Amino acid sequence: MSSQLYSPRPKDLLAGHVLKSGWVMGQPLPKPLGATGSNFGTGYIAHRGSEKAFVKAIDFVHALRDAPDPLAALRSLTNEALFERDTLKACAEAGLGHVIRYIEYEVVPAPNGDLAEQVHCLVMEVGNGDLRATMGAQKVFGGAWALKVMAETAKGIHELHKLGIAHQDIKPSNVISVPNNRSTSPFGYDETLLKISDLGRVTRRGRAGPFDHELFPGDPNYMPPEHWYPNAFAPGVLQNRPWNDGREAADAYMLGSLMIFTLTGVTLQSVVVQNLPTAFLPSVWAGRYDEDLIAVLKAAHTKAIVKCISEVGYGELATPLKSIALEITHPDPTQRGDRKARRAITKAVGMDRISQRLAALYARAQAIEIGRSKR
Amino acid sequence: MLKDRRLIPKWRPVGQTLETPEASNLANPSANLDSGKIEQLQRDIADWRKHGGIGFLGAVLAHSVHPAFNAEILAIAREALAANSAITRIQRDAISTMLGVADQAPALIGQSAFSELNLSPQKLAVRQLRAVLRENNDNPMAWLDLAQFQSAAGKEHAAERSIQAALQLAPQNRTVLRTAARFFVHIGQEGRGHRLISSHPRTASDPWLMASEIALADLAQRESKFLKLGSRIVEDGKQFAPMHMTELSGAVAVQQLKDGRVKKARKSQMMALRKPNDNVIAQAIFQKTEFGVALDGPGLDLAIQNSNEALLLQHWSTGEANGAEVQARLWYEQEPFSSRPVQLLALLNIYKADYAAAQAWLKLGLKSDPNADELIINMAYLKVRIGKLDEAQQLLIKARRLSKKNEPFSKATEGFICYVQKHFAHGDLLYKEAMEEFSKASNLEMMAYCGLFMALHAAEYDHPQANEHIALANDLIKKYPSADTNIFLRLRNADSLVAPVDIIESDVRNLQQLVYDERANILTIMRGVQRRNAPKLIKK
């Protein structure tokens, strides 16, 4: 049977519904907007008095009626939903400023009492749109705005890493622009904040989660190079990597890819692949992820990053920006991250340092732009 | 004359080497990358159609890492270009590359093309490489390219530092190891190059490094550590794909030929020529007479076309000076540190009596390798031609100090000096000594070549016995014709004192036969060294 027989599904029928917590659900958002990466969620904008929120509604009809093993599918989806909720809750409790804020969670029971038809609602802070949309609205490409995106996303990743959470799916559709009510900048730099959304694919250190078994649960178009060549590793090597070299290093790479995307409108991966000699393409390479391959990947990354950043300009800021980009996209995951942090005894990826370095560049870029506007 | 050639690793720009099998992995290709998610691409396309803008277009282009989606992505890319949608320069470049309309294929490190004697493109390339290394100095490939330019500019110590940096960053990398070994040969430290490869743990399992070890041992006059193992691997023929066996088989073949095991050498050479690279095919052309095997067939023709050095040798052997010059220039662009293409370019220009161009090439070559005695002797000859006899003599002293192996050339050049000074008897004596030395070394073609120059210079400077010398030269050239004399005589046709003689190729053996099965109407290839003059096609 096809799930189309059950369409529209309960999660799509909440328009006008009032949640127990008082949120009044608006019309369902069109699916492709990319406000969420989950295949099973429907997005809504909800209101409560003057407050506005984004609601992600999930049901398990598909799991119970279409899956070959419905119970296993139900368990897996429930785990995913609860894991995401708990993670969001943990982030909210820790007061993370650059991660989308969790507000409520509640379950809307089905009128017939069918468990599969109950809808789980995650109520979260609402944004103005993701990075793909925000980029289109920019009058000047690159500049201080792009550095703001990088600095604030890095901050968000650092906040997550500090809590032992690796996001694993940093990409333009998961970076949301949120109004900043505490803006103080006369030039409008702080009117919005960039926050990381969609914690549906995270892994948590020391806590079992639904994606622990996946080497890379995020979007393959943004994944780090070690995952382009999964056959290049002996069994167990990728699975048994230390947390920093595996999960945190993957986030660092995705930040680098996001950086290139913000500056140029293309992903780092697509530029790098164009620079790779045929024998080293992921579809061709049959060897290990060894020095022969890493040296070539390194050269291809350097060429791509230098070209992309030079293209945008940035004057005196270009060199430190390239350094950061090269450090966080190092093809060797054990070397990836802030160079100084990596050389320390803890061998940390050092997203705190990366975030500070980007924030400093952002501050300098603002000063340069303010200086120019006064002239 | 053509300098002796060995099967040591080629040192091309890294971007070119990485496109050859010698940089690839020994295992068979296998698909790694996830094939992508079409639903996600469709959602991204729908988003772009709805919202437009560079961000949504970028999300569509992000799928270009999956070749299976190229058609869909290109359709959107064309639509975006046609509609004049918002697009960044890098997005436009990415689309152009996908459409195959990019200006040129991307080079991994930087551009190395420079075709004239002007050095500024080289300086530009060095500047680009330095910029790349300033951004990120842990890039071993960039260090290798920088070392090549530094070598070409004669900055031996700087080049060595760059090579050491690459070795330190990637001590296990095959391209780095082979390039480092080649560099040590360039600076005259063949033993060091050999030690690097022979003591490396990777060599025992890597046919490319093993091939280098065998060739370097020969060059350094040491015993090869891997010749026996390499011979066994070649004999077995199954351990690696033919493209990875080519240099190893070639190196083994050269050693077997040297040891007088001609039959085995031909078999190994056959293995080398199954999927030859540019190095092996050039070596095969260079030693065509010794091996006595035919170098034709589609695979070999293609390999020759892909090797500037092989094409140069082919043009040289057939006396086509223009073709040889074009290929020598291309080879020089690929290996600007090497004295070999420079020497041939200088010779061609000397033959054409374009002494200014010859001098410019020699200066370039000597800048990169000040101790290349062949170039020094050529420069000495050139100095005599332009009347700077003292400088010529100083250069000959320097050449003799460096090596004794080119003594007959030095003597012949001294003979020329005597002719210019009208000291004909002493000149004759020196020329004859040179010819005798060539004869003693069984290099009769070179003896004839020397006799030819003696005769032409005798005529040019009104030697009383010029006619006798010319008669002798004609006689020698008839008996011992060579590519060198032919190319020279064809270029200097106007002299017409000595006529070129066509070289008749001795009987060769084919390395394969086409077998036509009439009943089944099938054509198959049967590999194996054939008897002399065996037919290329047989019917079954």
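The values are calculated or read from the model by the stated rules, or taken from the named source; none is laboratory data. What you see is a predicted model; the values in this text were computed from it and never measured. With ideal geometry, Cβ positions are generated from the backbone for all residues, glycine too; neighbour counts draw on all protein chains shown. Surface areas here come from the heavy atoms of the whole protein model, side chains and all, with no ligands, DNA or RNA. Shrake-Rupley method; radii C 1.70, N 1.55, O 1.52, S 1.80 Å.
Data overview
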item: Failed item, numbered, when A:Ala249 is tested on (1) within 14 Å of chain B (Cβ to nearest Cβ); (2) open to solvent by less than 10 Å² (accessible area, probe 1.4 Å); result: (1)
item: Among the candidates B:Ala165, B:Ala180, B:Ala158, residue that is more than 8 Å from chain A (Cβ to nearest Cβ), part of a helix (DSSP H, G or I), under 18 Å from B:Pro9 (Cβ atoms) and in contact with a helix residue (DSSP H, G or I) (Cβ under 9 Å, 6 or more places away or on another chain); result: B:Ala180
item: Hits in region B:175-212 - residues which are within 14 Å of A:Asp292 (Cβ to Cβ), of a type outside the set (D, E, K, R), out of contact with any Ser or Thr (no Cβ under 9 Å at 6 or more places or on another chain) and open to solvent by 10 Å² or more (accessible area, probe 1.4 Å); result: B:His200, B:Ser205
item: Qualifying residue in region A:180-198 (condition: at negative phi, within 14 Å of chain B (Cβ to nearest Cβ) and part of a loop (DSSP other than H, G, I, E, B)); result: no
item: Qualifying position, being open to solvent by 40 Å² or more (accessible area, probe 1.4 Å) and either at pLDDT 85 or above or within 30 Å of A:Gly164 (Cα to Cα) (or both), among A:Ala53, A:Ala35; result: A:Ala35
item: Evaluation of A:Val18 against (1) modelled with pLDDT of 90 or more; (2) β-branched (Val, Ile, Thr); (3) in contact with a helix residue (DSSP H, G or I) (Cβ under 6 Å, 6 or more places away or on another chain) (one fails), failing number; result: (3)
item: Qualifying positions in region A:277-296 - among the acidic types (Asp, Glu), open to solvent by 30 Å² or more (accessible area, probe 1.4 Å) and not in a loop (DSSP other than H, G, I, E, B); result: A:Glu291
item: Breaking point among (1) touching a Phe, Trp or Tyr at 6+ places or on another chain (Cβ under 7 Å); (2) closer than 22 Å to B:Val14 by Cβ, for A:Ala300; result: (1)
item: Residue satisfying condition, being farther than 25 Å from A:Tyr44 by Cβ, open to solvent by 20 Å² or more (accessible area, probe 1.4 Å) and modelled with pLDDT of 85 or more, within set A:Leu163, A:Leu147, A:Leu193; result: A:Leu163
item: Neighbours by Cβ (under 8 Å, 6+ apart or cross-chain): first from region B:114-141, closer than 26 Å to B:Gln168 by Cα and facing chain A (nearest Cβ under 8 Å); second at pLDDT 80 or above and not in a helix (DSSP H, G or I); result: B:Val132/B:Asn139; B:Pro140/B:Ala170; B:Pro140/B:Asn173; B:Met141/B:Leu18
item: Failed item in (1) closer than 20 Å to B:Lys3 by Cα; (2) under 30 Å from the mean Cα position of the chain (by Cα); (3) in a helix (DSSP H, G or I), with B:Arg490 passing the rest; result: (1)
item: Among the candidates A:Ala367, A:Ala359, residue that is among the aliphatic types (A, V, I, L, M), closer than 19 Å to A:His158 by Cβ and out of contact with any Phe, Trp or Tyr (no Cβ under 9 Å at 6 or more places or on another chain); result: A:Ala359
item: Residues (of a type in the set (A, V, I, L, M), in a helix (DSSP H, G or I) and more than 10 Å from every other protein chain (Cβ to nearest Cβ)) located in region B:81-99; result: B:Leu81, B:Ala82, B:Leu99
item: Subset of region B:43-80 (residues that are more than 11 Å from B:Gln91 (Cβ to Cβ), free of Cβ contacts under 8 Å to residues at least 12 places away in the same chain and facing chain A (nearest Cβ under 9 Å)); result: B:Arg43, B:Ala46, B:Lys50, B:His51, B:Pro67
item: Given (1) farther than 14 Å from B:Ile8 by Cα; (2) touching a residue at least 12 places away in the same chain (Cβ under 8 Å); (3) away from every other protein chain (no Cβ under 14 Å), index of the condition B:Leu248 fails; result: (1)
item: Subset of region A:82-137 that is closer than 30 Å to A:Val266 by Cβ and open to solvent by 50 Å² or more (accessible area, probe 1.4 Å) - its residue that is modelled with the lowest pLDDT; result: A:Ala137
item: Complete set of residues in region B:183-218 that are within 23 Å of A:Lys298 (Cα to Cα) and among the basic types (Lys, Arg); result: B:Arg202
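Residue by residue, here is whether (1) surrounded by 19 or more Cβ atoms within 10 Å (Cβ to Cβ); (2) modelled with pLDDT under 90 holds:
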site: B:Ser442; (1), (2): no, yes
site: B:Ala473; (1), (2): yes, no
site: B:Lys478; (1), (2): no, yes
site: B:Asn486; (1), (2): yes, yes
site: B:Leu489; (1), (2): yes, yes
site: B:Ser496; (1), (2): no, yes
site: B:Ala499; (1), (2): no, yes
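Table: residues versus (1) at pLDDT below 95; (2) touching a strand residue (DSSP E or B) at 6+ places or on another chain (Cβ under 8 Å); (3) surrounded by 16 or more Cβ atoms within 10 Å (Cβ to Cβ).
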{"site": "A:Gly337", "(1), (2), (3)": "no, no, yes"}
{"site": "A:Ala344", "(1), (2), (3)": "yes, no, no"}
{"site": "A:Asp352", "(1), (2), (3)": "no, no, yes"}
{"site": "A:Ala365", "(1), (2), (3)": "yes, no, yes"}
{"site": "A:Arg372", "(1), (2), (3)": "yes, no, no"}
